1. Can you tell me which residue within the stretch 418-467, out of those that are of a type in the set (S, T, N, Q) and under 30 Å from G47 (Cβ atoms), is most open to solvent (accessible area, probe 1.4 Å)?
2. Is it true that some residue in the stretch 491-501 is within 23 Å of D4 (Cβ to Cβ), surrounded by fewer than 21 Cβ atoms within 10 Å (Cβ to Cβ) and acidic (D, E)?
3. State all residues of the stretch 1-57 that are among the small types (G, A, S), assigned to a loop (DSSP other than H, G, I, E, B) and open to solvent by less than 40 Å² (accessible area, probe 1.4 Å); if no residue qualifies, say none.
4. Restricting the search to the stretch 378-403, which residues are open to solvent by less than 70 Å² (accessible area, probe 1.4 Å) and either assigned to a loop (DSSP other than H, G, I, E, B) or in contact with a helix residue (DSSP H, G or I) (Cβ under 7 Å, 6 or more places away or on another chain) (or both)?
5. In the list G151, G192, G188, G172, which residue meets the criterion of being assigned to a loop (DSSP other than H, G, I, E, B) and crowded, with 20+ Cβ neighbours inside 10 Å?
6. Would you confirm whether any residue within the stretch 181-194 is under 26 Å from L487 (Cβ atoms) and touching a residue at least 24 places away in the same chain (Cβ under 8 Å)?
7. Considering every residue within the stretch 160-173, establish whether at least one is touching a residue at least 40 places away in the same chain (Cβ under 8 Å), closer than 13 Å to A200 by Cβ and in contact with a strand residue (DSSP E or B) (Cβ under 6 Å, 6 or more places away or on another chain).
8. State whether the residues of the stretch 132-143 include one that is aliphatic (A, V, I, L, M), under 21 Å from T62 (Cα atoms) and touching a strand residue (DSSP E or B) at 6+ places or on another chain (Cβ under 7 Å).
Amino acid sequence: MNTDAVITGGGIGGLFTGAFLAKNGVRVTVLEKNRIIGGGLQCFRRGDRIFETGMHVMGGFTDNGTLTKICRYLGILDMLDLHHIDSGCMDEIRYGATGEVFRIPSGREAFVDAMSAYFPREAEGIRSYVDELYRISEEVPLFYLREEPEGIPVHSERFVWAADRLIAHYVGDSRLREILAYLNPLYGGVAGQTPAYIHALINVLYINGASRFVNGSQQLADALAGVIGSHGGRVLADCEVSAIAVSDRMVDYVETVRGERFTVDWYISSIHPVSMFRLVPEGTFPKGFVTRITGVPDSCSAFSLFIDLKPGAFPYIDHTCYYMEDFGSIWTQAEVSGDCWPLGFMYMTPPDAGQGEFAERMLVHCIMGFDQVARWEHTSLGKRGDEYRKWKEERVAAIMRILENLFPGFGGMVANVYAASPLTVRDYFNTRNGAIFGGRKDCENLMRSQLPVFTKVRNLLLTGQNINLHGICGVPLTAINTAEAILGRNVLLKKINDVSQSV
């Protein structure tokens, strides 16, 4: 196309957008501030252990799944070492107060049958609820890689209901309502706010089947960078953008902290819009627009443990586990602090190559509000002080006590424990307040938190989790929209589907 593009931010959104463009003849340069590319795909090492920082379990990699089609089109599907979780038990939900355990299978009919077996009086409502999830998902053509019609989309009334209202419409049992919201840790659900379509898309994605990366998610970031490189582009790590020069509603160049300038045809921002506002000259965007976007509440953050297990000590668990202290708090986990925290968390044992009977590591992911660490928000990594270190140790101990109750003797199975707080998330991923799901969506004001990929600056586009959808599936879909802003409407979708149909 004889076109050049610079992408600020080498996370999932920047890399997928870059790969789509590069494969279609655009010369792409991705500028990433961290030394490791990938954003939520990043992994780190401690000794001989690999730990994922964000992307622990994915939907969309089934035989006909959205991510399968996208990665096949990019030519990287066979490069990915994926483990598909046993369909008989995709997830397990455990309640500490009652000792109840609910095992959730994948597959639409299997899911309905399993939940109906646990709550037989709600069987009719369960089936109607699941049917509604799939119906709502059909209102998002891009979710199925279908060409989007012209004009403003018109959605059904329930599409924009609050997620908890949608569940309650079909289900009367309060315990079952909570169980059906168990995936909240994957989208930070808030009662009365989180739109039903967010809940529906996430649940449909995982009901269809869940997968994990073997030996970590960094492989996907590296594969995407390989696509860019093989088509004449480049991905530059440790290359932070310090300014985006704009005049007459056009970007003139971007400049890095090292003083390098890049002048191209198209500029794409894959960082948080508020971070982008700091890079452009004052007045580039209307004050009202900046105020609106800056005022969008952030989604929740998280406190995570990365546990190095002793060899042959703890069995490998081939599904994701969700622990809840009791019923009644699935929508309020981010509001809990102090001695009451945590009221729940997600934990799993990621697979390694040649995975055997025993696990080598465990990941624990606890929803947490940024207010718990706000007193240290002006500190930097390694310089947060003794008070923070003590607070962090107390949080680790609280989680470990629960794990010890779940698995007696667990402490003796652990070689090392590493922890990350919302401050770590903020500094590592460059997200405001350590938000792990981008800006919070509000069903009462959807337009406030949604952004088009186009901007008032004619050659500046947006991509990433703060624009439309978040997560391993949602961000690549937004990347398609961004790439098609350059390539042409539905051009990329047609090519992706043509490749899949030829297999």
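1. N430
2. no
3. Listed by number, the residues that qualify are G9, G10, G11, G25, G38, G54.
4. Answer for the stretch 378-403, where residues must be open to solvent by less than 70 Å² (accessible area, probe 1.4 Å) and either assigned to a loop (DSSP other than H, G, I, E, B) or in contact with a helix residue (DSSP H, G or I) (Cβ under 7 Å, 6 or more places away or on another chain) (or both): T379, S380, R384, G385, Y388, M400, L403.
5. G188
6. Checked against the condition, which is being under 26 Å from L487 (Cβ atoms) and touching a residue at least 24 places away in the same chain (Cβ under 8 Å), the stretch 181-194 yields no hits at all.
7. Yes.
8. no
The values are calculated or read from the model by the stated rules, or taken from the named source; none is laboratory data. If you're wondering where the values come from, they're calculated on a predicted model, not measured in any experiment. Cβ: placed from backbone, ideal geometry, glycine included. Neighbour counts: every protein chain shown. For the accessible areas, the whole protein counts, side chains as well, though only heavy atoms, and no ligand, DNA or RNA atoms are used. Shrake-Rupley method; radii C 1.70, N 1.55, O 1.52, S 1.80 Å.
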